[in-house]
Structures are given as structure tokens and as C-alpha cells.
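Everything on this sheet refers to the single structure shown next.
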Amino acid sequence: LNVGENKTLNLAFESDKIIEEYLNNYVKINYVDHKDLIDNINRMLLIEEERPRNVILMSREDEIFADFDAMSLSVKNLLDNALKYSYDHRVVIFVEGKDLVIQNRGKPFKDDLNKYFSPFYSDGSDNEKRGLGLGMYIIKNMIEAQEFVLDYKYVDGNHYFYIRDCVVSDTSINKEAS
């Protein structure tokens, strides 16, 4: 390995250790109000009430059973990517059954989705929009730490990311059980 590759490998290893420590020690699954989650994500995205919304929320009545901070960060990163790479800079968030869905219009991925889940991965496209290559890696690990599955499909020019089985459809469930 050359010096640059060695530094990247060390950084990837250290990042992985930090994320793993956080996930093992700080993730606390609880009932989360969908509206509170989206409001927190809007603050993270610096979206203000007065500005035109690029993030369209189809429902604010659902409850999600998740770690508030981990889910906020995961959905925020999904929204960041969706806004960054969409044709119209719009994202729709909706509930489908027990799944939270983030949808945007855009080009299909160049590579297999699993490659994007690797730390520091970049497909080399559009350098203006390129980040560190950690977003999808963090999203996937945060979702899985909560024992959810991140699923994906591309249909008719639309990306759909599903966070499976996180929505609680029966809000009468005893919340004290957590």
C-alpha cells in the first residue's frame, strides 16, 4: 500500500470503530412521533418554515418505533442524498404499510447499490456533488443497529428507499412497555 491508501484504510478503520461504539452504546429504541422526527430532520437540514419546501411529507400522523437520534440521522442523510441527486430537487416521504419510504426522481445508480454502502465509496460521477463517501455507509449501519432493513428499488425514473417495519400502525400499543 502507498501512503495515501494506508491513510484512507486507517481512517476507514477508525470511522468504523467510532460508528460501532456509538451503535452498541447509545442506540435506544423507543416510540417516536413521525411529526417530531420530521421536524428534527428539518432542523438538521436547515429547512425553515417560511422557505419553500423541497421535502414533501405525505403524513404526519404515524408513529415510528426507533431510536430518535439514529433514525433522524439516517433519514436526514437519505434526504441529503435524494435532494442532491434528484432531477427536480424534491423528495417525498410517505408511509407504505409499516415502511417509511423516501422517494425522489433521478438517474439510476451507476454501480450495484451494495458498493455505495462501503465506507469512502464514490462511483466517480459529478465531482461537484461528491462527499466523503460515508453517507450510505452510516445510513445502512444506523438502520441495521435498530434492527430494521434498508431496502431499495428504482422504478420509472424514481428511487425508493424503504426503512422496513419501523412504522407502528396501531398507536394504541402500550408505550410503557419500552
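Quick look at the values:
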{"read-out": "Within region 151-178, tally of residues that are outside any loop (DSSP other than H, G, I, E, B), open to solvent by 30 Å² or more (accessible area, probe 1.4 Å) and at pLDDT 90 or above", "value": "7"}
{"read-out": "Test: residue in region 106-113 that is modelled with pLDDT of 85 or more, within 28 Å of LYS35 (Cα to Cα), under 15 Å from the mean Cα position of the chain (by Cα) and open to solvent by less than 20 Å² (accessible area, probe 1.4 Å)", "value": "no"}
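The values are calculated or read from the model by the stated rules, or taken from the named source; none is laboratory data. Treat the numbers as computed from the prediction; the structure is a model and nothing was measured. The area values use the complete protein model at the heavy-atom level, side chains included, leaving out ligands, DNA and RNA. Shrake-Rupley method; radii C 1.70, N 1.55, O 1.52, S 1.80 Å.
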